[in-house]
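Colleague: The structure follows.
The values are calculated or read from the model by the stated rules, or taken from the named source; none is laboratory data. Worth saying up front: this structure is predicted, and the values here are computed from it rather than measured. Positions of Cβ are backbone-derived with ideal geometry, glycine not excepted, and every protein chain shown enters the neighbour counts. Just the protein is used for accessible areas: all its heavy atoms, side chains included, with ligands, DNA and RNA removed. Shrake-Rupley method; radii C 1.70, N 1.55, O 1.52, S 1.80 Å.
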Amino acid sequence: MKIYTFHRKQKLPISVEKAWEFLSNPANLKTITPEYMSFDILSGNEKPMYAGQIIQYIVTPILGIKTKWVTEITHVKKNEYFVDEQRFGPYALWHHKHFINEIEGGVEMEDIIDYKIPMGLLGQLAHPILVKPKLEEIFAYRQTKLIELFGELK
């Protein structure tokens with residue numbers, strides 16, 4: 001069983017409170033997800049983020065195939081971090097930690113995702129040619145959108 005880790009950091013010239021307000025609101029995921037993925041929240045974004053919250057999405061990650069994705073927010077510490085874990089969806093394991101750290105002039109956002117691809121050896125073969133590049137693409141898009149929204153801290 002191969003577990004992969006995806007790690008990204010981004011600095012933004014905004015306050016911790018503003019970063020938290022944006023990132024902890026599930027409705028904003030659509031804004032920072034590429035349009036071709038047709039990201040739609042079905043339920044679970046009616047209240048502010050809390051541990052135990054279940055959020056259901058429909059997303060089209062590859063080849064136009066619509067996929068239902070259900071995540072649970074398992075940990076929340078306001079203005080510092082939250083964790084979402086896939087309960088149903090395309091991955092055999094998805095554990096995504098979101099950290100917000102105050103730095104001089106703004107915040108540093110850090111994402112650490114531990115994930116496993118289904119389908120055993122076939123999934124492992126698909127990882128470097130399909131899955132990892134797709135994650136890179138999604139997070140590059142997200143980085144660009146966040147810079148458009150909030151500016152860039154160098």
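Colleague: Restricting the stretch 52-110 to residues that are charged (D, E, K, R) and open to solvent by less than 50 Å² (accessible area, probe 1.4 Å), which is nearest to residue 19 (Cα to Cα)?
Modeller: Result: 108.
Colleague: If you don't mind, another one. Scan the stretch 90-111 and report the pairs whose first residue is over 30 Å from residue 123 (Cα atoms) and part of a strand (DSSP E or B) and whose second residue is open to solvent by 30 Å² or more (accessible area, probe 1.4 Å) and modelled with pLDDT under 95, with Cβ atoms within less than 6 Å and a gap of 6+ or a chain change.
Modeller: Listed by first residue and then by second, the contacts come to 106/153.
Colleague: Now a separate question. Please verify whether residue 60 is hydroxyl-bearing (Ser, Thr, Tyr) and at pLDDT below 95, treating the condition exactly as stated.
Modeller: When the stated conditions are applied, residue 60 passes them.
Colleague: Let me ask something else. Quick check, is residue 9 under 18 Å from residue 114 (Cα atoms), modelled with pLDDT under 95 and open to solvent by 70 Å² or more (accessible area, probe 1.4 Å)?
Modeller: no
Colleague: Consider residue 14 carefully, then state whether it is farther than 16 Å from residue 145 by Cα and of a type outside the set (Lys, Arg).
Modeller: no
Colleague: In the set 103, 113, 55, which member is of a type outside the set (Ser, Thr, Tyr) and more than 30 Å from residue 153 (Cα to Cα)? Spell out the reasoning first.
Modeller: Numbers: 103 fails: more than 30 Å from residue 153 (Cα to Cα); 113 fails: more than 30 Å from residue 153 (Cα to Cα).
After applying the criteria, what remains is 55.
Colleague: Determine if the stretch 124-139 includes at least one residue that is in a strand (DSSP E or B), within 19 Å of the chain's Cα centre (by Cα) and at negative phi.
Modeller: So far as the stretch 124-139 goes, no, none of its residues is in a strand (DSSP E or B), within 19 Å of the chain's Cα centre (by Cα) and at negative phi.
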